[in-house]
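Laboratory data are not the source of any read-out in this text; all were calculated from the coordinates shown. Nothing here was measured: the structure is a model prediction, and the numbers come from that model. Ideal geometry is used to build each Cβ from the backbone, glycine not excepted, and the neighbour counts take in all protein chains shown.
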Amino acid sequence: MKEETNEVQLPDYLLVHPELKDDPVNKQGQIGIITAAILNTDEFFVGFDDKEVGLYSADALLTFKEPGEIYDFMHKNALTLSVDTFKDLKSIALLLDYGTKQHQRTALEMVQKDPELLTAALITLEKSLGLDQAIKRGR
């Protein structure tokens, strides 16, 4: 009999939503790492390069879509994307395929430089972890 585990895989790096209105430490659009998480109360402590730590909910944090989803987006929108955006999305998907922490950080730095990449490559941590579905099911 297989035991159920409550462990979830959190991303190595994430981005604080650039349009977050009430950012506790004013890190909108910055890259951080989760230092602690309490899923059932939707609390994520995020550390930044300057050693500051902020408390966020999952819908305020952005993480990458799966590389396959990014490739799908590229193919569906190939005629409307600029050449540079298309190339950047391909580079991001390739970096994510490598899967190392440094590749993820490099990909996030690319997104920071071009806001058009934001919706194409990122989703909220809430959606990534399926927390939005858990709430809708009556949790």
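Please find, among L39, L117, L89, the residue that is touching a residue at least 40 places away in the same chain (Cβ under 8 Å) and in contact with a helix residue (DSSP H, G or I) (Cβ under 9 Å, 6 or more places away or on another chain).
Values: L117 fails: touching a residue at least 40 places away in the same chain (Cβ under 8 Å); L89 fails: touching a residue at least 40 places away in the same chain (Cβ under 8 Å).
Just one listed residue meets the conditions, L39.
Condition first: charged (D, E, K, R), within 16 Å of the chain's Cα centre (by Cα), surrounded by 11 or more Cβ atoms within 10 Å (Cβ to Cβ) and outside any loop (DSSP other than H, G, I, E, B). Now tell me which residues in region 75-131 satisfy that. Outline the logic, then answer.
Here is the first cut: in region 75-131, the ones charged (D, E, K, R) are 76, 84, 87-88, 90, 97, 101, 105, 109, 113-114, 116, 126-127.
The next check asks that each one be within 16 Å of the chain's Cα centre (by Cα); those that pass are 97, 101, 105, 109, 113-114, 116, 126-127.
Still in the list and also surrounded by 11 or more Cβ atoms within 10 Å (Cβ to Cβ): 97, 101, 105, 109, 114, 116, 126-127.
Passing the criteria: D97, K101, R105, E109, E116, E126, K127.
Which residue out of L89, L118, L122, L131 is farther than 19 Å from D59 by Cβ and of a type outside the set (S, T, N, Q)? Can you show your working first?
On the way: L118 fails: farther than 19 Å from D59 by Cβ; L122 fails: farther than 19 Å from D59 by Cβ; L131 fails: farther than 19 Å from D59 by Cβ.
L89 is the lone residue from the list that is farther than 19 Å from D59 by Cβ and of a type outside the set (S, T, N, Q).
Could you please find all residues in region 24-42 being in a loop (DSSP other than H, G, I, E, B) and touching a Phe, Trp or Tyr at 6+ places or on another chain (Cβ under 8 Å)? Walk me through how you get there before you give the answer.
Step one: list which residues in region 24-42 are in a loop (DSSP other than H, G, I, E, B), which gives 24-30, 42.
P24, V25, K27, Q30 - these are the residues of region 24-42 that are in a loop (DSSP other than H, G, I, E, B) and touching a Phe, Trp or Tyr at 6+ places or on another chain (Cβ under 8 Å).
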